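The values are calculated or read from the model by the stated rules, or taken from the named source; none is laboratory data. None of these values were measured; they are calculated from a predicted model. Neighbour counts run over all protein chains shown; Cβ positions are idealised from the backbone, glycine included.
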Amino acid sequence: MIRKARIADVPHIQKMLGDFAREGKLLPRSLSELYTNLRDMFVAVETETDRVIGCCSLHIMWENLAEVRSLAVMPSYQKRGIGRKLVEACIEEARELGIRRLFTLTYKDKFFEHMGFQLADKNIFPQKIWADCLHCPKFPECDEIALVLDIQVQNSPSPCNG
């Protein structure tokens, strides 16, 4: 089951992301950062136990730009479509919010290409570079692959005047 993350999920998310970070597969996230950005995060949970087995977040960068980041699925649950469902939840939320372009920085470019993302030059995302990349231990020698997805947004209802 995919749902929005809750406060009680944060320690589990941090541990899972930390495990992947130690393997060099993604960047670690501090507890403070995860609590601050909790509303960005989706989790995959076992239906019976509500145990977090995967996560992904949609981080808004600018008016029409958001990043899909921190995608992780526990190794014993991989290859079951969970990662795809997490990214689809981010795409759907972006569509609902009226965000037209998503990007990701990843080592799993083939996964994202299968979801419709296309290769891009990292330098077209100055908001990302100034907000996050300058603080990254890999900067300026980043070896992640940038991909983008342009999405159709839903027509938003007219604002209420009353």
> at pLDDT 95 or above, of a type outside the set (Val, Ile, Thr) and not in a strand (DSSP E or B), is that true of Glu33?
Replying inline: no
> In the stretch 12-53, what count of residues is obtained for those that are touching a strand residue (DSSP E or B) at 6+ places or on another chain (Cβ under 7 Å) and not polar (S, T, N, Q)?
Replying inline: 17
> So, of the residues in the stretch 57-70 that are touching a helix residue (DSSP H, G or I) at 6+ places or on another chain (Cβ under 6 Å) and hydrophobic (A, V, I, L, M, F, W, C), which turns out to be nearest to Asp109 (Cα to Cα)?
Replying inline: Val68
>> If Gln14 meets every condition in (1) surrounded by fewer than 21 Cβ atoms within 10 Å (Cβ to Cβ); (2) of a type outside the set (Asp, Glu); (3) in contact with a Lys or Arg (Cβ under 8 Å, 6 or more places away or on another chain); (4) touching a residue at least 24 places away in the same chain (Cβ under 8 Å) apart from one, which number is that one?
In response: (4)
>> Filter the stretch 17-69 down to the residues that are surrounded by 13 or more Cβ atoms within 10 Å (Cβ to Cβ) and polar (S, T, N, Q) and list them by number.
In response: Asn37, Ser57, Asn64
> For residues in the stretch 92-114 being buried (at least 20 other Cβ atoms within 10 Å of the Cβ) and under 16 Å from Asp40 (Cβ atoms), which is nearest to the chain's Cα centre (by Cα)?
Replying inline: Thr104
> Can you name the residue in the stretch 64-108 that is closer than 23 Å to Glu23 by Cα and among the polar types (S, T, N, Q) and, of all such residues, is modelled with the lowest pLDDT?
Replying inline: Thr106
> surrounded by 11 or more Cβ atoms within 10 Å (Cβ to Cβ), in a loop (DSSP other than H, G, I, E, B), under 16 Å from the mean Cα position of the chain (by Cα) and modelled with pLDDT under 90 - does that describe any residue in the stretch 115-124?
Replying inline: no
